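Okay, so here's the structure we're looking at.
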Amino acid sequence: MRRRYSGDNGGMHPTNPAQFDDAMADRVPAPDEVREGIWSIPLPMRQPGNPFSLCYLIAGDDGSLHLIDTGYDTDENFAMLLAALDAFGLKLDDLASVFATHLHPDHLGMTGRLRAASGARIGMLRREHEGLVAIAGGDLTVTEGLIASWGVPPERRPELDLRTGDRPTARGGVPEVDRSYEPGQALEVPGRSIQLLATPGHTAGSASLVDADAGLIYTGDTVLPKIFSGLGLGDRTGEANPIADYLNSLEMLARYDELEVAPGHGYRFRGLIERNAVLAEHHLDRSRAAAEIIRADPDATVWEVASRLRWTAGWQNLNGFFLLSALSQTALHLDFARSDAFPG
Ligand SMILES: [Zn+2]
């Protein structure tokens with residue numbers, strides 16, 4: 001089934017050299033016009049190796065403006081967004097809608113502020129909106145019971161408490177969402193046809209958007225050119241395995257290979273199939289490594305398996321949120337390795 005991913009990976013190339021250079025040097029690129037009436041606006045964020053998110057502003061043929069993702073909610077980002085609008089001769093008053101590809105604060109962050117400032121309607125996929133409500137209601141992905149079941153030594157448990165850390169919706173509660181979309185529906189942008197796709201994996205309700213006329217696909221954090229997205233980072237309501245979901249999403253996206261990819265971080269590029277092959281292989285590799293450990297030691301806990309996997313930062317250096325993330329990714333890979341969907 002996944003044989004198509006085993007080809008060479010030479011076909012991926014950036015489409016804006018200046019943006020690519022900045023992204024590779026961890027600098028925030030300048031805003032630029034992607035197509036007539038479509039602009040990319042990078043906004044800074046603080047995450048090692050991932051210093052900015054990319055928002056996309058789209059003009060309808062009636063002059064209305066529509067934003068895909070908003071960046072983190074900071075005064076600096078709001079000022080930068082206003083400055084970009086100004087530079088392109090646009091006005092915040094014309095902002096009619098904002099669509100968030102997923103519930104993380106670097107994508108959803110400024111929706112409340114933008115809604116208050118412009119009256120823009122806020123939209124998400126219904127599945128992601130449900131996740132947002134579940135998380136804000138205290139239905140955390142990671143509970144104390146789960147952490148104990150992972151075999152985390154008691155002295156390491158307090159640092160994993162999400163209530164003291166950076167929760168997706170920690171800032172300002174749940175933003176108002178005016179419209180929940182189903183996959184297959186179109187964004188309401190006059191004069192354009194922008195179709196919504198469900199691409200679960202990074203979160204359960206992650207969306208991608210296709211504007212075939214413009215030759216663009218907006219992939220949020222489902223497909224990124226430079227880094228590997230974590231998986232299962234929204235609510236985990238339901239039984240789906242985020243890794244299986246993610247691999248299916250990558251496979252489904254193969255049909256859009258001719259489009260230029262406009263991702264949520266990094267740089268625009270062509271070569272979706274090639275990039276997706278690398279992403280799929282990265283996650284399958286992790287699952288295989290986890291599977292190998294439990295073949296030799298079937299009773300190994302999530303903690304023990306994680307401690308034997310290879311981590312970029314080094315296992316000994318992982319703490320707090322990063323340790324939690326490593327453990328939760330390990331648990332996902334173990335679930336996946338034990339499932340029928342695992343190709344081995
Ligand atoms: Zn992101």
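Here are a few things to note about the model shown:
- Alpha carbon Rg of the stretch 223-316, scaled by the compact-globule rule 2.2 N^0.38 Å: 1.26
- The stretch 192-210 and the stretch 237-267 have Cα centres separated by 8 Å.
- Computed over the stretch 230-271, the ratio Rg/Rh where both radii use C-alpha atoms and Rh is Kirkwood: 1.05
- In whole angstrom, the stretch 1-103 maps to an equivalent ellipsoid with semi-axes of 27, 18, 14, each derived as √(5λ) from the alpha carbon gyration tensor and ordered largest first.
- Share of Cα-Cα pairs in the stretch 179-244 lying beyond 17 Å, as whole percent: 47 percent
- Here's how it looks for R192: its modeled amide H is under 5 Å from those of D61, which are all 5 or more places away or on a different chain.
- The stretch 89-107 and the stretch 274-297: distance between their alpha carbon centers, rounded to Å: 36 Å
- Across the options V152, L253, A341, the greatest Cα extent toward the positive end of the charge dipole of the chain (unit charges at beta carbon of Lys, Arg, Asp, Glu) belongs to V152.
- Surface share of carbon and sulfur [accessible, 1.4 angstrom probe, percent] for the stretch 183-241: 52 percent
- Note on the stretch 14-338: antiparallel DSSP beta bridges, both residues inside, total approximately 65 percent of the bridges counted.
- The stretch 14-338: relative contact order as a whole-number percent, Cα under 8 Å and 6+ apart: 16 percent
- The convex hull built on the alpha-carbon positions of the chain has an orientation-averaged projected area of 16.7 nm².
- Cα long-axis angle, helix 320-338 against the chain (0 to 90 degrees, to the nearest 10): 70 degrees
- Think of a 1.4 Å ball rolled over the protein heavy atoms: the stretch 46-152 then has 39 Å² of accessible area per residue.
- Accessible surface computed residue by residue for the stretch 177-266, with neighbouring protein chains in place and a 1.4 Å probe, gives 31 Å² per residue.
- Relative contact order computed over the stretch 255-326 (Cα-Cα under 8 Å; 6+ residues apart), in percent: 16 percent
- The chain: angle of helix 242-253 to the longest principal axis, Cα-based, in degrees nearest 10: 40 degrees
- Exposed-loop-free span, longest in the chain, where trypsin sites (Lys or Arg not before Pro) count as exposed if DSSP calls them loop and at most 10 other C-beta atoms lie within 10 Å: 47-309
- Between V174 and D21, the simple label model (points 7 Å from Cα in the Cβ direction) yields a spacing of 4.7 nm.
- C-alpha long axis of helix 126-136 to longest principal axis of the chain, angle in °: 60 degrees
The values are calculated or read from the model by the stated rules, or taken from the named source; none is laboratory data. From a predicted model like this one, the values you see are computed outputs, not experimental measurements. Heads up, the Cβs are rebuilt from the backbone with ideal geometry, glycines too, and the neighbour counts pull from every protein chain shown. Heads up: the accessible areas ignore ligands, DNA and RNA and are worked out on the full protein's heavy atoms, side chains in. Shrake-Rupley method; radii C 1.70, N 1.55, O 1.52, S 1.80 Å.
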